[in-house]
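Visitor: Questions regarding the structure given below will be posed in turn.
The values are calculated or read from the model by the stated rules, or taken from the named source; none is laboratory data. This is a predicted model, so every value here is computed, not measured. As a convention, Cβ positions derive from the backbone with ideal geometry for all residues, glycine included, and neighbour counts pool all protein chains shown. Ligands, DNA and RNA are stripped out before the accessible areas are found, and what is left, the full protein with its side chains, is counted by its heavy atoms. Shrake-Rupley method; radii C 1.70, N 1.55, O 1.52, S 1.80 Å.
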Amino acid sequence: MNNIKEINLIPYVDKIGKRFNEYKNSLDKEITKLEQLIYKFNPNLEYKEQRKVIENIFKMQNKINSLKLQLEEIKQEIQLAEKTEEEIEKENKQRQITFNGMTAREWALHSRNVWNDVSSPRKDYHKEHGAVFPLKLAERLIKMYSREGDLIFDPFSGIGTTIKAALEMNRNGIGIELNPKFYELTKQILLDPKETPIIDLCTFTEENNGFIIQKNNVDDLLSLGTTSPNNNYIKLFNDDCRNLTNYLEADSVQALITSPPYADFIRKSIEDREKVHKNSLIKFNNNSTVKPYSNSDLDLGNLPYDEFLEALFPIMEDTYKVIKPGGYAIWVVKDYKDKENFSSYLDFHTDIANIGKKVGFLYHDLIIWDQNEQRSLVLLGYPSKFHTNQNCSFLVVLRKPTIDEMKQIRKDKERN
Ligand SMILES: C[S@@+](CC[C@H](N)C(=O)[O-])C[C@H]1O[C@@H](n2cnc3c(N)ncnc32)[C@H](O)[C@@H]1O
């Protein structure tokens with residue numbers, strides 16, 4: 001601890017303070033609620049009332065447990081701050097040799113293939129969209145599959161979660177979003193310093209159907225110890241992503257990170273919820289806020305599954321063109337149970353992987369994002385057929401072969 005360079009602590013003190021305040025506020029809120037509930041409990045209450053109080057206390061207790069994660073993150077920041085100069089030097093050497101700038105330890109820590117620790121606080125603007133993924137998910141994927149200065153691309157940008165994370169992590173980002181409402185909402189979020197503090201260090205320009213946010217050329221204190229390209233930019237275009245080659249150069253993207261519309265599953269699941277879940281013996285308490293994105297014919301969320309897969313094929317071909325050799329494409333999707341058909345399980349993640357393989361990608365990895373803690377269970381198929389709830393998403397990781405791999409693949413094909 002003695003030979004820690006004091007200057008290294010400066011960016012951390014502020015960051016740790018902010019994070020601790022967030023943790024303290026959340027904890028204060030939950031503890032106040034818990035105390036109120038505990039005082040409500042009284043042996044003279046009716047049985048039903050007693051039971052309700054206990055159930056609520058149980059829920060509060062779970063919420064408090066989930067705050068442990070925030071504390072864990074603060075602990076990690078402290079460990080980071082307390083590194084000695086030798087440790088920092090050793091890590092910097094490791095960062096230079098890895099394609100994503102990770103140390104060996106970070107690499108190992110990120111290599112779990114089932115994630116159950118990814119959720120972000122839900123804000124009101126999330127409800128306006130209904131199907132956004134957490135900022136933490138985008139941040140983790142960006143960290144794993146790119147390094148500072150690389151280009152990140154999201155063809156189905158929604159409210160801009162991926163490009164926001166790219167801006168904040170010293171990457172360049174390009175997003176495309178069809179719906180003007182979500183394009184405007186993205187702009188609003190990015191231009192609000194409370195939501196995007198880094199905006200104070202950026203310049204905003206808008207023309208035709210898009211905008212660009214470029215970081216001014218300032219020293220970014222938070223990226224100490226790394227080589228920071230500190231005037232990175234993000235762009236968002238309000239367009240159909242079938243036009244993506246108008247906005248991106250060939251072989252330019254290091255990582256595509258996206259969650260496409262899931263065909264017309266949203267429309268179907270809303271119908272399902274009304275029919276199936278309402279009659280469920282277990283109380284209907286699904287707090288999902290999903291709703292169809294739009295009525296536009298260009299919206300892939302309005303297509304039946306088969307037509308959707310057909311439409312996705314040329315998009316996937318174009319993404320292959322713009323991704324760098326050796327670059328990645330991560331598709332966040334969910335499988336679906338079609339309750340009207342007998343062959344009811346739609347293996348969406350496998351279909352995505354197969355389209356990817358057909359256009360030339362390698363099926364590189366599969367990560368399971370466990371969302372059980374964030375969803376309530378409904379009773380499905382009871383009492384005749386046992387069905388599980390769909391409480392996980394799949395992160396299908398595709399990789400464009402490197403030039404050497406392409407040569408080898410070509411040779412193998414010629415031989416066969
Ligand atoms: C699952 S959401 C993406 C949410 C995003 N990951 C986020 O966190 O905000 C899919 C998005 O694709 C958009 N979309 C649908 N069809 C499109 C198309 N043809 N081109 C571009 N975007 C499209 C929808 O409007 C919707 O916002």
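Visitor: Please indicate, with yes or no, whether at least one residue in region 213-229 is open to solvent by 60 Å² or more (accessible area, probe 1.4 Å), in a strand (DSSP E or B) and at pLDDT 95 or above. Break it down into steps so the answer makes sense when it comes.
Guide: Our first condition is that a residue be open to solvent by 60 Å² or more (accessible area, probe 1.4 Å); within region 213-229, this holds for 214, 217, 219, 221-222, 224, 227.
Okay, now just the ones that are also in a strand (DSSP E or B), so 214.
This time we only want the ones that are at pLDDT 95 or above, so: 214.
Yes: one or more hits.
Visitor: Here's something else I'd like to know. Scan region 91-137 for residues that are surrounded by 14 or more Cβ atoms within 10 Å (Cβ to Cβ), more than 16 Å from the ligand (Cβ to nearest atom) and of a type in the set (Lys, Arg) and report the count.
Guide: 1
Visitor: Which of the residues spanning region 106-124 are modelled with pLDDT of 85 or more and in a helix (DSSP H, G or I)?
Guide: Those that are modelled with pLDDT of 85 or more and in a helix (DSSP H, G or I): Glu106, Trp107, Ala108, Leu109.
Visitor: Among Asp318, Asp347, Asp335, which is the only one that is away from the ligand (no atom under 16 Å from the Cβ) and not β-branched (Val, Ile, Thr)?
Guide: Numbers: Asp318 fails: away from the ligand (no atom under 16 Å from the Cβ); Asp335 fails: away from the ligand (no atom under 16 Å from the Cβ).
Sole residue among the options that is away from the ligand (no atom under 16 Å from the Cβ) and not β-branched (Val, Ile, Thr): Asp347.
Visitor: I'm trying to understand the selection: among the residues of region 366-389, which are surrounded by fewer than 16 Cβ atoms within 10 Å (Cβ to Cβ) and either touching a residue at least 24 places away in the same chain (Cβ under 8 Å) or under 30 Å from Pro314 (Cβ atoms) (or both)? Working first, answer last.
Guide: Taking region 366-389 first, the residues surrounded by fewer than 16 Cβ atoms within 10 Å (Cβ to Cβ) are 366, 368, 370, 372-377, 379, 381-389.
Answer for region 366-389, where residues must be surrounded by fewer than 16 Cβ atoms within 10 Å (Cβ to Cβ) and either touching a residue at least 24 places away in the same chain (Cβ under 8 Å) or under 30 Å from Pro314 (Cβ atoms) (or both): Leu366, Ile368, Asp370, Asn372, Glu373, Gln374, Arg375, Ser376, Leu377, Leu379, Tyr382, His387.
Visitor: What residue, among those in region 230-266 that are within 14 Å of the ligand (Cβ to nearest atom) and hydroxyl-bearing (Ser, Thr, Tyr), is least open to solvent (accessible area, probe 1.4 Å)?
Guide: Thr258
Visitor: Taking region 49-90 on its own, how many of its residues are open to solvent by 70 Å² or more (accessible area, probe 1.4 Å), under 21 Å from Pro11 (Cβ atoms) and of a type in the set (Asp, Glu)?
Guide: 6
Visitor: Of all residues in region 151-181 being outside any loop (DSSP other than H, G, I, E, B) and within 8 Å of the ligand (Cβ to nearest atom), which is surrounded by the most Cβ atoms within 10 Å (Cβ to Cβ)?
Guide: As a first pass, look at region 151-181 and keep what is outside any loop (DSSP other than H, G, I, E, B): 151-154, 161-168, 172-177, 180-181.
Right, trim to within 8 Å of the ligand (Cβ to nearest atom) and you get 154, 161-162, 176-177.
On the way: Asp154: 26, Thr161: 26, Thr162: 33, Ile176: 26, Glu177: 26.
Among residues in region 151-181 that are outside any loop (DSSP other than H, G, I, E, B) and within 8 Å of the ligand (Cβ to nearest atom), the one surrounded by the most Cβ atoms within 10 Å (Cβ to Cβ) is Thr162.
Visitor: Report whether or not Phe361 is exposed (fewer than 15 other Cβ atoms within 10 Å of the Cβ), in contact (Cβ under 8 Å) with a residue 40 or more places away in the chain and within 22 Å of Asp251 (Cα to Cα). Outline the logic, then answer.
Guide: On the way: exposed (fewer than 15 other Cβ atoms within 10 Å of the Cβ): no; in contact (Cβ under 8 Å) with a residue 40 or more places away in the chain: yes; within 22 Å of Asp251 (Cα to Cα): yes.
Considered against the rule, which asks whether it is exposed (fewer than 15 other Cβ atoms within 10 Å of the Cβ), in contact (Cβ under 8 Å) with a residue 40 or more places away in the chain and within 22 Å of Asp251 (Cα to Cα), Phe361 comes out as no.
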